[in-house]
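The values are calculated or read from the model by the stated rules, or taken from the named source; none is laboratory data. Computed from a predicted model, the values in this text were never measured in an experiment. Because the Cβ atoms are built from the backbone with ideal geometry, glycine has one as well, and the counts that use them run over all protein chains shown.
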Amino acid sequence: MGLFYEADKTFKQLLDIKKNFVFIGEAGSGKSETALNIALKLAERGERAVDLFDLDQTKPLYRSRDLQQEFESRGVKIYYQDQYLDAPVMVGGVRASLVSDNFTLLDIGGGHQAAKYAGVYADLLSMENSLPVYVINPYRPWSKDVDSIDATMKHILGSMRIDHIYILANPNLGYATTSDEFIKGLRITEELFAGYTYIKSACLHRDIYEEAKERTEKELIPLELFLSHSWAQ
């Protein structure tokens with residue numbers, strides 16, 4: 001198995017054969033937004049309970065945990081642990097969920113520190129029913145070239161003690177993203193990974209889904225923006 005895992009499959013295909021999903025990415029990549037949307041898609045199936053663990057260690061402005069009540073009413077249970085000052089904390093119940101029949105999603109925030117704590121579950125996250133997902137947003141400064149991506153990815157994967165990853169593109173600038181900008185970002189992402197892996201799937205704001213799907217053969221995953229606000233663009 002190489003570093004880039006399941007490159008021949010679309011993300012939707014993997015949702016049918018995996019149970020555990022770990023979302024990793026640099027600040028601003030859209031990984032939390034993606035994790036929230038995928039959790040809802042899984043909950044809508046009605047097949048299993050859905051657990052989403054917010055493992056963010058840096059208390060950023062936008063957090064999955066802030067939607068706990070709304071998401072529970074839609075079939076997704078969000079777990080997190082409050083922090084005291086900057087003290088890192090462990091979120092209870094992760095291992096039990098990973099080995100249960102539930103769909104389990106881990107939102108890894110805070111880069112190296114959160115990845116280090118997620119490494120506690122490396123034995124389970126390396127199993128065939130688990131999928132580590134690296135969300136790439138080429139419009140973020142930390143994803144501007146393959147060397148930057150490679151250094152960050154290897155650092156995080158090393159901290160998590162896993163050796164493979166699935167690449168999910170998210171060429172996103174928020175509510176203001178146009179179809180042209182999405183297609184341009186998708187092309188940049190493909191160029192970044194040319195010769196390494198093939199990008200099969202990409203996320204985009206649902207408002208431009210219909211227009212963008214006519215312009216690419218990639219599988220597109222429309223997202224509702226829960227953590228962004230139009231007035232902030």
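Overview of values
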quantity: Residue list for region 1-49, restricted to those being part of a loop (DSSP other than H, G, I, E, B), hydroxyl-bearing (Ser, Thr, Tyr) and modelled with pLDDT under 95; calculated: Tyr5, Ser29
quantity: Among the candidates Gly110, Gly158, residue that is on the phi > 0 side of the Ramachandran plot, at pLDDT below 85 and either surrounded by 15 or more Cβ atoms within 10 Å (Cβ to Cβ) or in a helix (DSSP H, G or I) (or both); calculated: Gly110
quantity: Search result, residues across region 142-172 that are over 27 Å from Tyr117 (Cβ atoms) and in contact with a strand residue (DSSP E or B) (Cβ under 9 Å, 6 or more places away or on another chain); calculated: Pro171
quantity: Filter result (buried (at least 22 other Cβ atoms within 10 Å of the Cβ) and either closer than 17 Å to Ile167 by Cβ or within 10 Å of the chain's Cα centre (by Cα) (or both)) within region 27-49; calculated: Ser29, Gly30, Lys31, Ser32, Glu33, Thr34, Ala35, Leu36, Ile38
quantity: Evaluation of Tyr139 against (1) more than 26 Å from Leu204 (Cβ to Cβ); (2) at pLDDT 90 or above (one fails), failing number; calculated: (1)
quantity: Test result for Arg140, free of Cβ contacts under 8 Å to residues at least 24 places away in the same chain and of a type in the set (Lys, Arg); calculated: no
quantity: Total residues in region 163-189, condition modelled with pLDDT of 95 or more, of a type in the set (D, E, K, R) and within 20 Å of Leu14 (Cα to Cα); calculated: 0
quantity: Selection from region 50-70 of residues that are of a type outside the set (D, E, K, R) and either surrounded by fewer than 16 Cβ atoms within 10 Å (Cβ to Cβ) or modelled with pLDDT under 95 (or both); calculated: Phe53, Leu55, Gln57, Thr58, Pro60, Leu61, Tyr62, Ser64, Leu67, Gln68, Gln69
quantity: Filtered residue count, region 1-45, keeping only those that are of a type in the set (Phe, Trp, Tyr) and under 21 Å from Tyr121 (Cβ atoms); calculated: 3
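Residues are listed down the side, and each one gets a yes or a no for (1) touching a Lys or Arg at 6+ places or on another chain (Cβ under 8 Å); (2) under 17 Å from Phe4 (Cβ atoms):
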site	(1), (2)
Tyr175	no, no
Asp180	no, no
Arg187	no, no
Glu191	no, yes
Ile199	yes, yes
Leu204	no, no
Ala212	no, no
Thr216	no, no
Leu220	yes, no
